[in-house]
Amino acid sequence: MPIVPRGCAPKAAGSAKAPPTASSWAEAEARAAGATATLSGHATRSAAEAPWQLKGGAALADFDPTLWWRGPEDSPWRRGPHRINAKGELDIVLPKTTGAAAGRALDRLSALRGQASLALADSQLAGVPLRGQLGLRNAAGELLLTAQAELDGNRIEGEGRIAAARRGADDRWTMTLDAPALAKLAPLARPPASTRPARAWLGR
């Protein structure tokens, strides 16, 4: 897979007007089997003890994940077809955590400030139309996670709120499933062809 960097520019400032510690990168692009992946971003901090600020975006166009993850032979995943079109954006600040909080994944996640999102559109998974969104936002010490997905008329939504200061006392999680067309998801659970003759024989 050819990877084409575009204007990658890590830098450290040395003048009096520039921050003592700073780093940035621009863009990169990769292509394979008709798919395209792009990445752009920027990371900065004003001093060695200051938090990192990350901004960036990424996109996948006409990506077939079986090129990277083949899956079991004759499985729905291997048979496909798959087509992933996705776009993501990131704008967060990473505060520096110390002590016991530095070792707890939930505390590190709750310490984030800003937002991130991922959107799927005009995609397919094992031939089933797919679209959806993921979101993460943190303000005032509360982390909000949202997710929505639609698979050929079947919809699932979820939301989670995490308040790190209360150690789970105020956490809230909800999930809603609306699946009026479950039969359309059959390709995702179709048994391998090698098992079908045995089932047919047992059913005689």
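The values are calculated or read from the model by the stated rules, or taken from the named source; none is laboratory data. For clarity, every value in this text was computed on a predicted model and none was experimentally measured. Backbone-built Cβ (ideal geometry, glycine too); neighbour counts: all protein chains shown.
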Residue check for ARG108: modelled with pLDDT under 95, more than 22 Å from ARG31 (Cα to Cα) and either part of a helix (DSSP H, G or I) or among the basic types (Lys, Arg) (or both): yes
Segments classed as strands (runs of 3 or more DSSP E), wholly inside segment 1-86, with at least 1 members that are surrounded by 13 or more Cβ atoms within 10 Å (Cβ to Cβ) and at pLDDT 85 or above: 27-32, 35-44, 52-63
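Just give me the residues in segment 64-84 being touching a Ser or Thr at 6+ places or on another chain (Cβ under 8 Å) and at negative phi, in sequence order. Let's see the steps before the verdict.
So the first thing to find is which residues in segment 64-84 are touching a Ser or Thr at 6+ places or on another chain (Cβ under 8 Å), and the list is 74, 77-78, 80, 82-84.
Listed by number, the residues that qualify are TRP77, ARG78, HIS82, ARG83, ILE84.
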Qualifying positions in segment 143-163 - within 14 Å of ALA111 (Cβ to Cβ) and touching an Asp or Glu at 6+ places or on another chain (Cβ under 8 Å): ILE162, ALA163
Where a residue in segment 64-93 is in contact (Cβ under 8 Å) with a residue 40 or more places away in the chain and among the basic types (Lys, Arg) and its partner, wherever it lies, is assigned to a loop (DSSP other than H, G, I, E, B) and surrounded by 13 or more Cβ atoms within 10 Å (Cβ to Cβ), with Cβ under 7 Å and at least six apart: ARG79/ALA126; ARG83/ASP64
Answer residue from segment 117-140, given it is among the aliphatic types (A, V, I, L, M) and in contact with a Gly (Cβ under 7 Å, 6 or more places away or on another chain) and is farthest from THR38 (Cα to Cα) among those: ALA126
Residue list for segment 115-138, restricted to those being part of a strand (DSSP E or B) and modelled with pLDDT under 90: ASN138
Candidate set from segment 139-182 (those that are surrounded by fewer than 15 Cβ atoms within 10 Å (Cβ to Cβ), among the hydrophobic types (A, V, I, L, M, F, W, C) and not in a strand (DSSP E or B)); member that is modelled with the lowest pLDDT: ALA165
Long-range neighbours under 7 Å by Cβ, at least six apart or interchain, first residue without any contact (Cβ under 8 Å) to a residue 12 or more places away in the chain and within 17 Å of TRP68 (Cα to Cα) within segment 24-37, second loosely packed, with under 15 Cβ neighbours inside 10 Å and of a type in the set (A, V, I, L, M, F, W, C): none
